[in-house]
Amino acid sequence: MTTHIPVLLDEVLNALRVEEGGSRYLDGTFGGGGHTRAILDGHPENTVIALDTDPEAKARAAELSFSYGERFTFYAANFEDLDSVVTGSFDGILFDFGLSSFHYDIAERGFSFRHDGPVDMRLNPEEGEPASVFLETAPREAMIRAIRQYGEEVRWRVVVDAIMGARGTGRLSRTTSLAELISEAVGPRFAARSKIHPATKSFQGIRISVNRELEVIESVLPKAFSLLNPGGRMAVISFHSLEDRLVKRYFRRLVGRPENRFDSCPLDLREIHATEMSRKPITPSEDEVGRNPRSRSSKMRVIEKVLPS
């Protein structure tokens, strides 16, 4: 049986001031429901509205509905659409952009090459086309973007060439054969230099492309912030540099700091809409990483919406 362990749980509860009670929260990435359950358990007057695009999350949410009644509401929707799904404002908002254990451990979902399964990778398998179709039909430019930009694969040229050359052979339809193809393309000399499997980065890039993950994140952050009450906090957990970079830049913009080294906007022209709870991202403790190795790459950034002047 798959067990999902919510990352940075204590840090999330502390950042969102769950124990103060009487607050209305939005969990934009319900997943296994671990964060939501802890928020509801944190105080008997807390309420949570949760969203998840994965159809399988609906069954997990039903268990919480039974336990918490009207304190918990679930919507089967992509968090990109939260502004058209939820109403009202929130005292705390959480996004955990990492995949849950349910995604990685179920072979049929096709997210991991540890299990042989169809190359699907869709967060919602009832919408869009599976990754296998993307690999067979996408233009070369889109494949380069997936492997080079989203996967951050150094050997992107040989990986892209291998994928394009394997079209029609059946090797792009199963996770294990796809991983073998990428490993062969990367080569043993380069693979030996890395601590991760040679297909890891390419799988990440393909998944991001299929689900439009970065576009969705960039879209949802301002939508969520607009729903936050003054004095409310938004916590965002990311798992790779591309996600974290989007969050970091958006949060810097809100607190009136330069988004990057090319941002030369004068200080007196910057608007301050929030304050940072920590200049550096919050990362898991050694103890948590020991208990849950998947938390190793997680980073959480937290801002608080300032009262209007």
Worksheet item: Among (1) in a helix (DSSP H, G or I); (2) crowded, with 21+ Cβ neighbours inside 10 Å; (3) of a type outside the set (Asp, Glu), where does MET164 come up short?
Response: (2)
Fill in: Boolean, LEU82 is under 16 Å from LEU178 (Cα atoms) and in a helix (DSSP H, G or I)
no
Fill in: Boolean, GLY31 is over 25 Å from GLU126 (Cα atoms) and not aromatic (Phe, Trp, Tyr)
no
Worksheet item: Of the numbered conditions (1) surrounded by fewer than 20 Cβ atoms within 10 Å (Cβ to Cβ); (2) in contact (Cβ under 8 Å) with a residue 24 or more places away in the chain; (3) charged (D, E, K, R); (4) not in a helix (DSSP H, G or I), ARG114 satisfies every one except a single condition; which is it?
Response: (2)
Response to the item:
Among residues of region 19-47 being among the β-branched types (Val, Ile, Thr) and surrounded by 22 or more Cβ atoms within 10 Å (Cβ to Cβ), the residue nearest to the chain's Cα centre (by Cα) is THR29
Practice prompt. Scan GLU56, GLU152, GLU108, GLU136 and give me the residue that is over 30 Å from PRO188 (Cβ atoms) and either in contact (Cβ under 8 Å) with a residue 24 or more places away in the chain or assigned by TED's automatic domain parsing to the domain that holds LEU40 (or both).
Written response: GLU56
Worksheet, complete the sentence: By my count, helices (runs of 4 or more DSSP H) wholly in region 177-248 with at least 2 residues that are small (Gly, Ala, Ser) and not assigned by TED's automatic domain parsing to the domain that holds GLY128 are 213-226
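Based on what the data block shows, is HIS35 modelled with pLDDT of 95 or more and either assigned to a helix (DSSP H, G or I) or among the aromatic types (Phe, Trp, Tyr) (or both)?
yes
The values are calculated or read from the model by the stated rules, or taken from the named source; none is laboratory data. What you see is a predicted model; the values in this text were computed from it and never measured. We place every Cβ from the backbone using ideal geometry, glycine too, and count neighbours over all the protein chains shown.
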